[in-house]
Amino acid sequence: MKYSWTEFGEGVRIATQALKANRLRSVLTTLGILIGVVVVTVIISVIQGMNTYVTGELSSLGTDNVFVSRYPWMITSWEEWLRVRKRPRIEKEHFEFLEKYVTLAEAVVPEVATRRTVKYRTEDLGGVFIYGTTDKYMVSSNAMPEFGRFFTDNEIHHRRNVCVIGWEVADKLYKNKDPVGKRIKIGGQSFRILGVMEKRGQMFDFSMDNNVMIPYTVFLKVFGKHRSLDIQAKALSPEVVGELKDELEALMRRARGLRVGEESDFSVNEQSQLLEVYNNLTKVLWIVLIGIGSIALLVGGIGIMNIMLVSVTERTREIGIRKALGAKRRVILWQFLVESMFISSIGVTLGILISIGLATLVKQVSPIPVNISAWVAFLGIGFTISIGIFFGLYPASKAARLNPIEALRYE
Amino acid sequence: MMIELKDIKKDYHLGLETVHALRSINLNIDENEYVAIMGPSGSGKSTLMNLLGCLDTATEGTYCLNGSDVSDMNDDNLAEIRNREIGFVFQNFNLLPRASALHNVELPLIYNGTPSSQRHGLAAEALTKVGLGDRMQHRPNELSGGQRQRVAVARALVNNPSIILADEPTGNLDTRTGDEIMDLFETLHDGGNTIILVTHEEYIAEHSDRIIRLRDGHIERDEAR
Ligand SMILES: Nc1ncnc2c1ncn2[C@@H]1O[C@H](COP(=O)(O)OP(=O)(O)O)[C@@H](O)[C@H]1O
Ligand SMILES: [Mg+2]
């Protein structure tokens, strides 16, 4: 005999009736599932939001930039630190060598930085980043002066005290005045302002407009030669980033006079390394949180199983009556499965509502764009209905296999 | 022959001990017979009824019901046979407490897939037949004992089964309501139904045409009246 809609309807009817009769018990049982859903959906959404945010921010570093530095960006062990900490500085000559011989880079830019208080007449502004660089900075950072101009090769070569200031410095220190042509005092020396950079915004929480660019030659003269340079190279195209890394490595080894077999005493870094670090971090986060979510759902599932076993026991006699009147195993099975799916779907629904509330809250108090995406919700629903089935299956099949005579005799 | 039992044995195992509830039962029952099964407590009456009702299978022997051998059928096949061929009336009514009289009577129809449009009509008809046309929406706890048993009778006959099996149907009723139920069986029998009932009261058994007396799992006497 085929499965009939009549049997199906009776299953749904019985399940709803049973849930209505035990309203409080059902709601309490769903609590575990509810918590599981909230944990899973919120966690997935937060991680997704964080991914969007971090990748977005990191990509502003430029995927086609390669950095030659004294140290690697990631030092993963104490031994590694002991090995690299004695490395020699990267000097002006190294930069000049790279700039001269590199073929795969559109621009090679030195970068050296410090944080200082800058002054204009009686006004001062603390914590400004002072960068020593060249005019190629405009290429590597993809930013142009909004007013005035950048300093030239000639000014770099002759170590002129000139600078270009960031948008925020101009705004705070010069207010409504035009800073171009005015003086600014940095580290006890007076600089002439040639231009103001266009507004660049923030990376993470860090302003990229609170800075002053000066020729790196001047920087080394004013702030000391002991500083090591960072060299940034922008690849001709994103496809040659790998080759550019190899080229820079080789050139730098030549500049340093390293022999074959000797370890490089510098590092070639790129943005994707940061992404890798971030991904490694979130991988751990994922594992931990998925663990928590699974435990919550497991506890919820066991709660359902428990309550379903109670329900089967309570209704043993009813099952006996139904079987005596011709209910087959699958009808009884279905009846109890519907009930456990109902319970778990109540938990899912409430859980998703709460998750949406939490996501809205996180979005308001943090820069992370948390959204409960439809697929997360569907995943939650699918997952939890499976839990309803999985944990309902044992009690339901226990009910379905009851011996009718014993069930009828049950008090 | 409607019912043919050949060498039916039923053993129960309680730990190491074996209880021979039925020992070699041979029994034929024809259509439209009215049979009473009697015997002292523990003689195997209920065990026999359960076998006849396809609620259980025998340890040995064959049972043919309407020509088909049901001795070795599985759970689901037996459920189908019960639904189609048998109407049960129990001593303790066995109604669903949360369902209305109408829904209780509808249950056998639900399990053979009768569409709901026909179900209500058939159930209402059966309830009217047992004199409860005006109590259809009542729940069992809103009905008297006699009325509950009449709902059970309506449920037993709604599917037009071959046999109505009643295990001490008047056991929980006072004499007067018990008589009412027996009158109902009388009417059903006159209408062509086959009725088998278990009782230990002689005056109840007197309604029947044939009395089968059991003792220790044997048929002690089988006499027409
Ligand atoms: N489920 C069972 N398990 C073990 N023994 C049983 C079971 N059902 C019945 N018996 C035994 O089988 C015998 C017949 O029982 P039963 O058919 O219920 O007798 P009656 O209905 O005539 O009082 C009794 O000895 C009883 O103890
Ligand atoms: Mg008995």
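Taking the number of Cβ atoms within 10 Å of each Cβ as an exposure proxy, the fewest-first ranking of A:F336, A:F219 is A:F219, A:F336. Relative contact order, whole percent, for region B:1-147 stands at 19, derived from Cα pairs under 8 Å and 6 or more residues apart. Pairs of Cα atoms under 8 Å, at least six residues apart: use those to get the relative contact order of region A:283-411, whole percent. Relative contact order, region A:283-411: 48 percent. Each of A:W167, A:W375 was scored by other Cβ atoms within 10 Å of its Cβ. Arranged with the fewest first, they read A:W375, A:W167. Per-residue Karplus couplings for region B:97-112, computed as 6.51 cos²θ - 1.76 cosθ + 1.60 with θ equal to phi - 60°, are listed in order as x, 8, 9, 5, 3, 4, 5, 4, 6, 6, 3, x, 6, 4, 7, 10 Hz, Gly and Pro entered as x.
Since only A:V12, A:G126, B:N193 are under comparison, the one whose Cα sits farthest along the positive direction of the charge dipole of the protein assembly as shown, derived from C-beta charges on Lys, Arg, Asp and Glu, is A:G126. Under 5 Å between amide hydrogens, built in the peptide plane, is the criterion, and for B:R213 it picks out B:M38, B:E220, B:R221, B:D222, B:E223 among residues at least 5 positions away or on other chains. Applying the criteria of a DSSP loop state and at most 15 other Cβ atoms within 10 Å to the trypsin sites (Lys or Arg not before Pro) of region A:165-226 yields A:K175, A:K177, A:K199, A:K225. Label sites at A:V277 and A:R330, each approximated as a point 7 angstrom past Cα along Cα to Cβ, lie 5.9 nm apart. Principal axis extents of the Cα atoms in the protein assembly as shown, from largest to smallest and rounded to whole angstrom, are 135, 59, 35.
Applying a DSSP loop filter and a limit of 16 other Cβ atoms within 10 Å to the trypsin sites (Lys or Arg not before Pro) in region A:83-159 leaves A:R85, A:K86, A:R89, A:R121, A:R149, A:R159. Among B:S100, A:S345, A:S272, the ranking by other beta carbons within 10 Å of each residue's beta carbon, starting with the fewest, stands as A:S272, A:S345, B:S100.
Phi angles across region B:117-133 convert, under the Karplus curve 6.51 cos²θ - 1.76 cosθ + 1.60 with θ = phi - 60°, into 3J(HN,Hα) values of 4, 7, 4, 4, x, 5, 5, 4, 4, 4, 5, 5, 4, 8, x, 10, x Hz, Gly and Pro given as x.
Backbone amide hydrogens, once placed in the peptide plane, bring A:A107 within less than 5 Å of A:K234, excluding anything fewer than 5 places away on its chain.
Grouping the Cα pair distances of region A:88-265 into 10 Å bins from zero gives a pair-distance distribution of 9, 36, 33, 16, 5, 1 percent in increasing distance order. Net charge of the neighbourhood of A:I321, taken over other residues with C-beta under 11 Å away and scored Lys/Arg +1, Asp/Glu -1, is +4.
In chain B, the calculated helix contribution to ellipticity at 222 nm averages -10000 deg cm²/dmol per residue, counting -39,500 (n - 2.57) for every DSSP H run with n ≥ 4. Positive contributions from Lys and Arg (+1) and negative ones from Asp and Glu (-1), summed over other residues with Cβ under 13 Å from the Cβ of A:G49, come out at 0. Among the chymotrypsin sites (Phe, Trp or Tyr not before Pro) within region A:59-92, those in coil by DSSP and having at most 16 neighbouring Cβ atoms inside 10 Å are A:W73.
Charge dipole (Cα centre; +1 on Lys/Arg Cβ, -1 on Asp/Glu Cβ; no other charges) of the protein assembly as shown amounts to roughly 4360 debye. Across all directions, the average projected area of the convex hull around the alpha carbons of chain B is 12.5 nm².
Charges were assigned to the Cβ only: +1 to each Lys and Arg, -1 to each Asp and Glu. The resulting dipole of region A:298-384 about its Cα centre is roughly 420 debye. Between the helical axis of A:329-365 and the longest alpha-carbon principal axis of chain A there is an angle of about 30 degrees. For the segment B:85-93, counting C-beta atoms of other chains within 10 Å of every residue's C-beta and taking the mean gives 2. For region A:101-221, the dipole from Cβ point charges (+1 on Lys and Arg, -1 on Asp and Glu) about the Cα centre works out to 620 debye, to the nearest 20. Maximal additional length on extending the B:D7-B:R225 stretch stands at 76.0 nm, based on 0.36 nm per residue less the C-alpha distance. Listed values for region B:14-21 are Karplus-derived 3J(HN,Hα) couplings in whole Hz (6.51 cos²θ - 1.76 cosθ + 1.60, θ = phi - 60°), namely 10, x, 8, 8, 10, 9, 8, 6, and x replaces Gly and Pro.
Bear in mind these aren't lab numbers, they're just calculated from the coordinates by the rules spelled out. This structure is a prediction, so every number in the text was calculated from the model and none was measured. Every residue, glycine among them, receives a Cβ derived from its backbone with ideal geometry; neighbour counts consider all protein chains shown.
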